[in-house]
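J.: Pasting a structure below so you can have a look.
The values are calculated or read from the model by the stated rules, or taken from the named source; none is laboratory data. Values in this document were obtained by computation on a predicted structure and should not be read as measured data. In this analysis, Cβ positions are derived from the backbone assuming ideal geometry, glycine residues included, and neighbour counts consider all displayed protein chains.
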Amino acid sequence: MKFTLSWLKRHLDTDASLEEIGKALTAIGLEVEEITDRAKDFAPFKVALIEAAEKHPDADKLKVCTVKTESGMQQVVCGAPNARAGMKGIFAPENTYIPGLDVTLKKTKIRGVESCGMMVSEKEMQLSDEHKGIIEVDDSYAIGTPMAGIFGLDDPVIEIALTPNRADCAGVRGIARDLAAAGLGKLKPLQTPSVTGQGASPVKVTIEDTEGCPLFLGRYIKGVKNAPSPKWLQDQLKAVGLRPISALVDITNFICLDHARPLHVYDADKLSGDIYVRTSHKNETFRDLNVKAHTFKGNELVISDEAGPQGLAGIIGGQDTCVEEDTTNIFLECAYFKPERIARTGRALSIDSDARYRFDRGVDPAFLSEAMEIFTAMVLDICGGQASEIVTAGQEPNWQTEIEYDPAYCAQLIGLDIPQARQLEILSALGFEVSGSAPKLKIRPPSWRGDVFARADIVEEIIRIEGFDKLPAVSVINDTAVPSGAETPLLTRMRTARAALAARGLQESITWSFIGRDFAAAFGANDNQIAALTLQNPISSEMDVMRPSILPTLIEAAIRNEARGYPSAALFEVGPVFAGVKPEDQSILAAGIRTGSNAARHWADKTAARPVDLYDAKADALAALAAAGAPAENAQISADAPEYYHPGRSGALRLGKNVLAYFGEIHPATLEDMDVKFPIVAFEVFLENIPEAKKKSGTEKPYLTLEPLQPLARDFAFVVDEQTPAADIIRAAKSADKTLITGAEIFDVYQGKGVEPGQKSIALSVSIQPTEQTLTDKDLEGLMARVIDAVQQKCGGVLRG
Amino acid sequence: MSDITTLKTELTTQIEAANDLQSLDDVRVSALGKKGRITALMKTLGTMSPEERQTTGQALNALKDEIAALIKSQEAALKKQALAQRLATETQDITLSTRPQRQGAVHPVSQTMEELVTIFGAMGFKVAQGPDIEDDWHNFTALNFPPGHPAREMQDTFFLPEDPSEEGERAKKLLRTHTSSVQIRHMQNHQPPIKTICFGRTYRSDYDMTHTPMFHQMECLYIDRDVTMAHLKGCLSDFVRAFFKIDDLPVRFRPSFFPFVEPGAEVDIGYVKKPDGGIKLGKAPEGEEQKWMEILGAGMVHPNVLKNCGIDPEAYQGFAFGMGLERATMLKYGIPDLRTFFECDTRWLAHYGFDPLQRPNAATGQ
């Protein structure tokens, strides 16, 4: 909402400075977006007299002018055809910035003749595109008169951001009323003229849709002249960014901005018969003022004549009945439309207009006949003509409310005790009526404040005028001496998994929750899920389905990094994936990918630069699980990761039926579909599938027994079928003696010379912890025989000679 | 006795001449070994008279101790020398790089979230979480956005197909436009006192220089019998000052409008413009203009919202506020461009990310 200082002062009697007004507006909730004081920018430009204009000795089209300025005579070389002795124009002295040229003037020589400053054109001042000659001003302006005043540019423009609840401040008078309440001056009384109409309106009005339009006032005026509007009106409209069109249009725009009251004028001679306010018929067509054609759905509120819709109620008028230069008889419309109807239609048709902006928010339902009188008086004053009596259809909607209010509630809600007298003073300045006595005051909001219904609204009115800066600040203190944990169990897992993965060298990323449908399908979403999870208004087709997996967006990130010259990325994300639209269909995962090599080549570690492999991803998954509190060591491992993983190089970690994680290489076909030219390993950890840690009955940690006897280790090598999982061999070896054997680690896997094709050699180190006594050689031999036997029995392993 | 003196001189010379451990051991054996010269002299003591035995015995014992000590000290000197010689051959180039270890990082938005948990945790708030896919009721209606209200248009909502298993507003699925819906779910399941914060992904259909279709919000909710707007002001001021680590950061409340609060406010923090065009948060020095920037929206929870969640607005009241996490993060850590948060550029993540060992905690203030 834009207005000028002088416009504000039409309603507000104030001595306050522009700066004070700006501060007050923001303080009372009418946030100032910008104040433009153009007089400041135009200050150096002043009236000057060209005393002499001689032809340039060296150029046919240039003149050497002797210019009388307020600070003495200047010589200016000028190319304008209209530059001549005796004319007054606008002079810009040297060192002045010329907005239209984007230069700062310097003393210069033009074809050998010194030139100091310049006489400016309208284009150079960005006032218009006029550049045929320099600006000429009336001889009556004294030399040195600032140009801003002459061109109506000395009126500062204030723009405020209006919150949707303040329909009343979509008009300058509402703003003035708020400022007056805040002590910035006095609201001038509204002088409503009373026009005596002559005869009934030949155009009658019938409301068929009383729900959409409770009240409609109309008036016929004959014999008007629709010339350009007077300069003061044009200046006001131009200052706030509206283009003057014709007197009638300018008057409606002016009242719309002045009183937040949209109106419409029809060329009465173009109307066919009477006016009907009704719901549109399906497939009816209408051409709006911007010559845009609409075909109605059958639920729009329209203003129709016998021929069809001539206006989209509260939004925009029609091309067929609009006023033009030669219009002589008009019909004025001043109506109340239901905000929801206007908002719905406006949104559906995507039409933004000054009228809709106000009807959406709700115009003053009790300010129709006054607006009609102001409107008529201005038309008669500017355009002449003879007005009919007002034709009225419908009745004023019921807007009155009464709120019971205890002034003590103010302190209770906001913690600031404002005396009752002061509260009532503020309310009365804002137009609220108060009766009864505390603690049961009866408060009736004014007709223009349809946003006030409840006692909290009353308090808001009081405190915003009193000033939010007066609110005391009281710290919120924790109720217990030591804060108990703020995190949910899930949040703790998210944090610990995040820290563990970052500590393993992965960078945390955040990617979109939506992906393209092809990727959704490739990463596990079925057709039903995709249908249910498709955005109806996506940003693009690459971002239209809620993701079933975090991996596709991470893979895309890897592609981008590779293209930038960074082929070795290790990225992870802790975020949501979606299996459906219900809250329980959402789950939180920690997922990541690695590409390229594990590290840079290194002089001391020839294996450092090896390509990433599935064991990196498996380690990431295990680290995240362990950090998030999963008993990862108890997890079963199986080769049934989803189809977007490489079938032979991926796995799942499970606790019973619960999948804790997937890990492995991404399927080459999936990578090809995504146009990825390099291998990627990935993992997905299901943080919510980790069982809750059981409440410990005793101490946090179990008792630790430190064995006094030294541990031993014995190495074995077995030849097994190459399909035998290493984990089976470890399990078999450990099963040989559950007391003495504390662990088994594989330290070599070998295929090749010395091992039959289809077989592999697995070397493992078995850790033994004697508990009661040192083991004798015989004990040890027996134990080793049991290990060999177990691996033989369970895995068909043969001890390698 | 002169034999003893001579022997001492002789052995001392031999010990000092021994320049490696082996020759020193040879000297030791020749002096103190079973057949050594001092041992041999000791054996002659038995043949002496008691008087002679006493004096010679004392002298021999003294010689034995002295020689043993000399050998020990020469041995230490030789060992030290040998070590020094060995070390001189073992020099390595200390300027060579260490074995590589990948450096990971925590995303700045996560850092901010963890900072918030720490700060609000200290004030006694607990975290609540909720779904990203919401329904119209939880995201709008319960928050006092009536259907068709223009305030709904302030938020460009992403819509999903209707959920056939639900009816009415609960069937209308959408991506939450704010985390306020989490507050609604929390209030539906808890009676006051309620003291929670929530944060997470939020979505609005807007994508340009300063908007991304997905971003993060945090919200704070405190409901009890006597929580006033003064508590809101105190809590918020304490929070922004702790978060930005500026004790006298100016905080300004301005009236504003959000359907779910009444009175509603926008909160600004103070900054000054630097000569290079940048900004610096904080109080303006004498003579400089105090500038303000909006950082969050706040207010007293609207009675209708409490009612919608089954809380008696006659008995309880409280405050809520919400803030965009990216914006707060950009301000605190000097990150210039919002869109880079979601680019996953490894260089950006390395530069703006955080060390996994430096997690926010109460010990460091957050």
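J.: So B:L116 ticks every box in (1) surrounded by fewer than 21 Cβ atoms within 10 Å (Cβ to Cβ); (2) under 28 Å from B:D355 (Cβ atoms); (3) among the aliphatic types (A, V, I, L, M) but one. Which box is left unticked?
T.: Result: B:L116 fails condition (1) only.
This table checks each residue for (1) of a type in the set (A, V, I, L, M, F, W, C); (2) within 14 Å of chain B (Cβ to nearest Cβ); (3) in a loop (DSSP other than H, G, I, E, B); (4) over 27 Å from A:R261 (Cβ atoms).
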position	(1), (2), (3), (4)
A:I426	yes, yes, no, no
A:S437	no, no, yes, yes
A:P446	no, no, yes, no
A:I458	yes, yes, no, no
A:E461	no, yes, no, no
A:I477	yes, yes, yes, yes
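J.: Moving to a separate point now. Any residue at all in the stretch A:480-488 that is facing chain B (nearest Cβ under 8 Å), assigned to a loop (DSSP other than H, G, I, E, B) and hydrophobic (A, V, I, L, M, F, W, C)?
T.: Within the stretch A:480-488 (the criterion being facing chain B (nearest Cβ under 8 Å), assigned to a loop (DSSP other than H, G, I, E, B) and hydrophobic (A, V, I, L, M, F, W, C)), the answer is yes, since at least one residue qualifies.
J.: So which residues in the stretch A:489-511 are buried (at least 21 other Cβ atoms within 10 Å of the Cβ) and more than 7 Å from chain B (Cβ to nearest Cβ), if there are any at all?
T.: Result: A:R493, A:M494, A:A497, A:A500.
J.: Has the stretch A:20-30 got at least one residue that is outside any strand (DSSP E or B), modelled with pLDDT of 90 or more and away from every other protein chain (no Cβ under 14 Å)?
T.: Within the stretch A:20-30 (the criterion being outside any strand (DSSP E or B), modelled with pLDDT of 90 or more and away from every other protein chain (no Cβ under 14 Å)), the answer is yes, since at least one residue qualifies.
J.: Let me ask something else. Somewhere in the stretch B:184-198, is a residue assigned to a loop (DSSP other than H, G, I, E, B), within 11 Å of chain A (Cβ to nearest Cβ) and either hydroxyl-bearing (S, T, Y) or free of Cβ contacts under 8 Å to residues at least 40 places away in the same chain (or both)?
T.: Residues of the stretch B:184-198 that are assigned to a loop (DSSP other than H, G, I, E, B), as a first pass: B:190-193.
When the remaining residues are screened for being within 11 Å of chain A (Cβ to nearest Cβ), the result is B:193.
Then drop every residue that is not either hydroxyl-bearing (S, T, Y) or free of Cβ contacts under 8 Å to residues at least 40 places away in the same chain (or both), which leaves B:193.
Looking through the stretch B:184-198, at least one residue is assigned to a loop (DSSP other than H, G, I, E, B), within 11 Å of chain A (Cβ to nearest Cβ) and either hydroxyl-bearing (S, T, Y) or free of Cβ contacts under 8 Å to residues at least 40 places away in the same chain (or both).
J.: Let me ask something additional. So B:T157 clears everything in (1) within 7 Å of chain A (Cβ to nearest Cβ); (2) closer than 26 Å to A:L589 by Cβ except one condition, right? Which one?
T.: That leaves (1) as the condition not met.
J.: Further, regarding this structure: Picking from A:V265, A:V195, which residue would you name as being under 20 Å from A:E389 (Cβ atoms) and either surrounded by fewer than 20 Cβ atoms within 10 Å (Cβ to Cβ) or more than 37 Å from the chain's Cα centre (by Cα) (or both)?
T.: Testing whether each residue is under 20 Å from A:E389 (Cβ atoms) and either surrounded by fewer than 20 Cβ atoms within 10 Å (Cβ to Cβ) or more than 37 Å from the chain's Cα centre (by Cα) (or both) leaves just A:V195.
J.: Check B:E169, B:E219, B:E162 and return the single one that is part of a strand (DSSP E or B) and among the charged types (D, E, K, R).
T.: From the options B:E169, B:E219, B:E162, the qualifying one is B:E219.
J.: Taking the stretch A:12-70 on its own, how many of its residues are more than 24 Å from A:G100 (Cα to Cα), touching a Ser or Thr at 6+ places or on another chain (Cβ under 9 Å) and buried (at least 17 other Cβ atoms within 10 Å of the Cβ)?
T.: Result for the stretch A:12-70: 5.
J.: Looking only at residues in the stretch A:544-565 that are part of a loop (DSSP other than H, G, I, E, B) and not hydroxyl-bearing (S, T, Y), which one is nearest to the other protein chains (Cβ to nearest Cβ)?
T.: Applying the filter and picking the extreme gives A:R564.
J.: Something else: Only residues that are surrounded by fewer than 24 Cβ atoms within 10 Å (Cβ to Cβ) and more than 9 Å from chain B (Cβ to nearest Cβ): list them for the stretch A:566-607, please.
T.: Once the filter is applied, which keeps residues that are surrounded by fewer than 24 Cβ atoms within 10 Å (Cβ to Cβ) and more than 9 Å from chain B (Cβ to nearest Cβ), the stretch A:566-607 yields A:P567, A:V577, A:A579, A:S587, A:G596, A:S597, A:K606, A:T607.
J.: Against the conditions (1) closer than 25 Å to B:I311 by Cα; (2) of a type in the set (A, V, I, L, M, F, W, C); (3) not in a loop (DSSP other than H, G, I, E, B), where does B:V240 fall short? Just the number, please.
T.: Every condition holds for B:V240 apart from (1).
J.: Right, A:G758: without any contact (Cβ under 8 Å) to a residue 12 or more places away in the chain and on the phi > 0 side of the Ramachandran plot or not?
T.: no
J.: Right, next: What's the total number of residues in the stretch A:678-714 that are in contact with a helix residue (DSSP H, G or I) (Cβ under 8 Å, 6 or more places away or on another chain) and closer than 26 Å to A:P489 by Cα?
T.: 8
J.: Residue check: is A:D737 surrounded by fewer than 15 Cβ atoms within 10 Å (Cβ to Cβ) and farther than 22 Å from A:F663 by Cβ?
T.: Numbers: surrounded by fewer than 15 Cβ atoms within 10 Å (Cβ to Cβ): no; farther than 22 Å from A:F663 by Cβ: yes.
Considered against the rule, which asks whether it is surrounded by fewer than 15 Cβ atoms within 10 Å (Cβ to Cβ) and farther than 22 Å from A:F663 by Cβ, A:D737 comes out as no.
J.: Restricting attention to the stretch A:533-543, does a residue exist that is assigned to a helix (DSSP H, G or I), more than 8 Å from every other protein chain (Cβ to nearest Cβ) and at negative phi?
T.: Quick first cut of the stretch A:533-543, residues assigned to a helix (DSSP H, G or I) only: A:541-543.
Then keep just the ones that are more than 8 Å from every other protein chain (Cβ to nearest Cβ); that gives A:541-542.
Still in the running and at negative phi: A:541-542.
Yes, the stretch A:533-543 contains at least one residue that is assigned to a helix (DSSP H, G or I), more than 8 Å from every other protein chain (Cβ to nearest Cβ) and at negative phi.
J.: If you don't mind, another one. Taking interchain pairs and intrachain pairs at least six residues apart, which have beta carbon atoms under 6 angstrom, with the first residue in the stretch A:261-285 and without any contact (Cβ under 8 Å) to a residue 40 or more places away in the chain and the second aromatic (F, W, Y)?
T.: Matching pairs, first to second residue: A:S280/A:F296; A:E284/A:F296.
J.: I need the full set of residues from the stretch A:718-751 which are assigned to a loop (DSSP other than H, G, I, E, B), in contact with a strand residue (DSSP E or B) (Cβ under 9 Å, 6 or more places away or on another chain) and over 25 Å from A:A652 (Cα atoms), in order please.
T.: Across the stretch A:718-751, the qualifying residues are A:A736, A:D737, A:L740, A:Q751.
J.: Filtering the stretch A:608-624 down to residues that are under 41 Å from the mean Cα position of the chain (by Cα) and of a type in the set (D, E, K, R), which residue is farthest from the other protein chains (Cβ to nearest Cβ)?
T.: That would be A:K618.
J.: Here are some residues: B:L96, B:L60, B:L83, B:L87. Which one is under 29 Å from A:R601 (Cβ atoms) and out of contact with any Asp or Glu (no Cβ under 9 Å at 6 or more places or on another chain)?
T.: Unique residue meeting the criteria: B:L96.
J.: Go over the candidates A:K794, A:K778 one by one and state the one that is part of a helix (DSSP H, G or I), among the basic types (K, R) and under 24 Å from A:E633 (Cα atoms).
T.: On inspection, the qualifying residue turns out to be A:K794.
J.: Output yes when any residue across the stretch B:339-353 is hydroxyl-bearing (S, T, Y), without any contact (Cβ under 8 Å) to a residue 40 or more places away in the chain and not assigned by TED's automatic domain parsing to the domain that holds B:H211, and no when none is.
T.: Checked against the condition, which is being hydroxyl-bearing (S, T, Y), without any contact (Cβ under 8 Å) to a residue 40 or more places away in the chain and not assigned by TED's automatic domain parsing to the domain that holds B:H211, the stretch B:339-353 yields no hits at all.
J.: What number of residues within the stretch A:506-550 are touching a helix residue (DSSP H, G or I) at 6+ places or on another chain (Cβ under 9 Å) and within 30 Å of B:P100 (Cα to Cα)?
T.: The qualifying residues number 6.
J.: Any residue at all in the stretch B:262-273 that is more than 28 Å from the chain's Cα centre (by Cα) and away from chain A (no Cβ under 12 Å)?
T.: Checked the stretch B:262-273: at least one residue is more than 28 Å from the chain's Cα centre (by Cα) and away from chain A (no Cβ under 12 Å).
J.: For the stretch B:124-135, what are the residues that are in a loop (DSSP other than H, G, I, E, B) and either outside the structural domain of B:P161 (by TED's automatic domain parsing) or in contact with an Asp or Glu (Cβ under 7 Å, 6 or more places away or on another chain) (or both)?
T.: Residue satisfying the conditions is B:G124 alone.
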